[in-house]
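The values are calculated or read from the model by the stated rules, or taken from the named source; none is laboratory data. These figures come from a predicted structure and were not determined experimentally. Here the Cβ is made from the backbone with ideal geometry for all residues, glycine too, and neighbour counts use every protein chain on show. Ligands, DNA and RNA are stripped out before the accessible areas are found, and what is left, the full protein with its side chains, is counted by its heavy atoms. Shrake-Rupley method; radii C 1.70, N 1.55, O 1.52, S 1.80 Å.
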Amino acid sequence: RGLAILRGLNFDIPLQPTPAFIMGAMAQTAGIASKYNLEEIARLRSGKTDVRKKNILLSLNSMVTGAFRSSSPFLPLITCAVVNYSLQNGVYEESALSFACLGYFKIALVGDYKEGRYWADATAQLLKKSGTNSAGNRARIMLYSFVEWWYIPLRETAAALLSINNSAVAMGDVESSIYSMLFSLRCSLFAGENLALLLNSYCELLRAMVS
């Protein structure tokens with residue numbers, strides 16, 4: 001059903017994407033993005049909100065989230081589709097998750113850390129103008145857990161994720177609070193923190209979330 005919606009928006013996504021098709025889609029997105037610098041991308045967020053375009057991005061954002069949860073092979077292509085649509089129609093906070101995902105794929109699939117940094121910075125620019133909401137929480141979790149940790153110390157990443165956890169708990173965003181806690185724990189462990197102390201701390205967090 002999701003692919004049918006994408007095709008209705010003129011996004012060409014095959015039923016069985018090949019690695020070559022995925023790499024071609026990422027190259028096409030890079031070509032579109034090359035027309036903009038970070039300041040110009042940030043300006044695409046300014047101006048009056050187009051409700052129709054924002055709702056389309058909201059639907060696409062839900063597809064990205066679902067594809068991430070299920071480790072879908074379509075995730076890179078959906079990510080490219082959202083980024084392309086955003087650059088051509090205006091960016092909103094719902095665009096930020098796909099910007100962060102593209103940064104991750106640039107590193108993981110292409111090995112291009114410079115491009116990964118570019119998309120991380122673009123995501124951060126968008127999130128500066130975003131309020132505290134579920135879409136922003138998901139984008140920040142993706143940004144810190146999968147992209148920023150290549151460039152900043154793991155302890156800083158873990159602390160940023162804990163901050164997201166606090167905000168998510170306060171607003172009742174259970175999914176984001178769980179993911180942010182999980183990835184924060186992982187970063188803290190890889191940073192060499194004491195496992196027993198970590199478990200105690202995160203058990204306290206879980207009890208606070210339940211209550």
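Quick notes on this one:
- Sole exception among (1) under 17 Å from the mean Cα position of the chain (by Cα); (2) farther than 22 Å from residue 180 by Cα; (3) touching a residue at least 60 places away in the same chain (Cβ under 8 Å) for residue 110, by number: (1)
- Cβ separations smaller than 7 Å between residues 6+ apart or across chains give the following pairs from region 71-83 residues that are modelled with pLDDT of 90 or more to residues that are of a type in the set (Phe, Trp, Tyr) and in a loop (DSSP other than H, G, I, E, B): 81/11.
- Those helices (runs of 4 or more DSSP H) lying entirely in region 46-107 with at least 2 residues among the charged types (D, E, K, R) and surrounded by fewer than 20 Cβ atoms within 10 Å (Cβ to Cβ): 51-69
- Hits in region 5-41 - residues which are open to solvent by 70 Å² or more (accessible area, probe 1.4 Å) and of a type in the set (A, V, I, L, M): 5, 15, 20, 23
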